[in-house]
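The values are calculated or read from the model by the stated rules, or taken from the named source; none is laboratory data. Predicted, not measured: the structure shown is a model, and the values here were computed from it. Cβ placement follows ideal geometry from the backbone for every residue including glycine, while neighbour counts extend to all protein chains displayed.
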Amino acid sequence: MTDQTAFDTATRVAAGDSGNNYDNVAIALHWATAVLVLIQFTLGQTWGWFPRPTRHLMIVTHMSFGLILTAVVLTRIIWRFVLGHHASPLEKGWVRFASTSVHYLLYALLVTEAVLGFLSRWVGNEALSFFGLKIPSPFTGAGHAAADQIQDIHNWVGWAIIVLAVGHALAALYHHYGLHDRVLGRMFPPARRSETAF
């Protein structure tokens with residue numbers, strides 16, 4: 001057994017990875033991503049409704065949670081693609097292709113959104129803030145006009161993530177209630193109890 005194989009086996013055992021369901025780490029990372037995306041989207045879409053002190057707090061919170069979300073997404077990518085922790089696919093043919101494509105597109109959009117978030121501050125020569133800790137720009141930015149354009153793209157990518165995520169959730173619910181298969185239960189353990197009733 002090579003060192004890499006031994007490491008892979010050890011991480012699978014530690015994570016409770018059966019190959020039939022997603023392991024506990026993958027499930028935790030999935031739901032952490034979902035919750036953080038919803039918080040980020042809500043903050044980003046509503047801070048304009050509030051007066052300056054509250055708006056500033058919401059923006060700083062958005063940046064802080066954005067950095068946490070970036071760490072979660074990178075950990076998730078490493079866990080899935082580098083360490084190979086993923087469940088065997090249940091779908092076949094075009095459904096499997098569509099499912100895989102949506103997952104890859106969500107990963108790509110999440111990474112793009114994180115990069116745009118960093119750039120929207122740094123290009124405007126403003127520091128990021130992580131719960132009050134300032135993270136200065138590593139370069140001299142082009143100024144506020146360019147940063148505003150990046151912020152607009154950041155906003156549209158956020159909407160694209162939400163639309164895809166809602167479609168993803170609706171597809172999982174259709175699998176559970178319409179097709180009566182195990183797709184939802186593999187990522188949402190409470191649903192496994194009701195699978196035996198179908």
Requested in this report: Could you please find all residues in segment 105-141 being buried (at least 16 other Cβ atoms within 10 Å of the Cβ), of a type outside the set (Ser, Thr, Tyr) and not in a loop (DSSP other than H, G, I, E, B)?
Outcome: Leu106, Leu109, Leu110, Glu113, Ala114, Leu116, Gly117, Phe118, Leu119, Arg121, Trp122, Leu128
Query - Output for segment 142-191, where each listed residue is among the charged types (D, E, K, R), surrounded by 15 or more Cβ atoms within 10 Å (Cβ to Cβ) and in a helix (DSSP H, G or I) - result: Arg186
**Report entry** Residue within segment 79-102 that is touching a helix residue (DSSP H, G or I) at 6+ places or on another chain (Cβ under 7 Å) and at pLDDT 95 or above present
**Finding:** no
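Condition check ((1) within 20 Å of the chain's Cα centre (by Cα); (2) more than 15 Å from Gly66 (Cβ to Cβ); (3) modelled with pLDDT under 95) across all residues:
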{"position": "Thr112", "(1), (2), (3)": "yes, no, no"}
{"position": "Val123", "(1), (2), (3)": "no, yes, no"}
{"position": "Phe130", "(1), (2), (3)": "yes, no, no"}
{"position": "Phe139", "(1), (2), (3)": "no, yes, yes"}
{"position": "Ala146", "(1), (2), (3)": "no, yes, no"}
{"position": "Trp159", "(1), (2), (3)": "yes, yes, no"}
{"position": "Leu170", "(1), (2), (3)": "yes, yes, yes"}
{"position": "Leu173", "(1), (2), (3)": "yes, yes, yes"}
Query raised in the report: What number of residues in segment 149-180 are of a type in the set (D, E, K, R) and in contact (Cβ under 8 Å) with a residue 24 or more places away in the chain?
Result: 0
Requested in this report: Determine which member of the set Ile39, Ile27 is within 17 Å of the chain's Cα centre (by Cα), of a type outside the set (Lys, Arg) and modelled with pLDDT under 95.
Outcome: Ile27
